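The numbers here are math on the coordinates, done by the rules we state, and not lab data. The shown structure was predicted, so the numbers you read here are calculated from the model rather than taken from an experiment. All Cβ positions, even for glycine, are placed from backbone atoms using ideal geometry, and neighbour counts span all protein chains on display.
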Amino acid sequence: MVADSITELFWISTLLIHSLMLRFFILFVVILVTLFAAELTQPVQTAVVLPWTEALARISAGLITLFDSNVAAYGKILQSTTNGFAVSIEAGCNGIEAAIVLIAAMLAFPAPWKHRVIGILAGLTAVQVLNIVRVISLFYLGQWNMKVFEWAHLYLWQALIMLDVLIVWLVWIRMLPPSSSSSDVPPPPSAGAGVRQATAP
């Protein structure tokens, strides 16, 4: 009887965990699609995407001038004043898509809103700091070797940015209070509970 009770609770817990995972996945996809659709609208492009992309170019140029004065930013273009090489920060390179994935994951995961807001703000900072490193590194890689630039641009940095999103999300989950991620999962049966069930008339 004890074994049957434990087995029953095990299956109940398993089904509940699976339902929570399914709920997270559905919410994640819905939020992700909604945010991506909103990003593509003209008002969001004008008010958010383009201003941030231009700010990213200016920030990158400002950091580069700390050790190299031969750089200028024009809108979303970062250009060397020495050889004329320039990179244009386009969609997919401004960190917004990665930020959307992170925001969707944090909103879909069961957590207090306070921790969601803190996690999103900290996560966006981490993503954009790494993205600035990406822009600056590609700016110099392009001047050195275009084949290396293309490989780093299309493969290496894409993977690193998404890995950054995953790491930030996992760290955020680990820092949540225990009740945020495990309150809906029933605790495992104690030995005492099993004994009482076995001896009940």
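Figures for the structure shown
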read-out	value
Long-range amide H partners of V71 with built H, under 5 Å	T81
In nm, spacing of pseudo-spin labels at S19 and I118 (7 Å Cα→C-beta vector)	3.0 nm
Cleavage-rule hits (chymotrypsin sites (Phe, Trp or Tyr not before Pro)) in region 28-96: DSSP loop, at most 13 neighbouring Cβ within 10 angstrom	F67
Amide H within-cut-off set for F85, under 5 Å, with H built and near neighbours excluded	S80
Linear extension gain, A159 paired with V30, 0.36 nm per residue minus alpha-carbon span	44.1 nm
W144/S88 FRET efficiency (R0 25 Å; Cβ-Cβ; nearest 0.05)	0.85
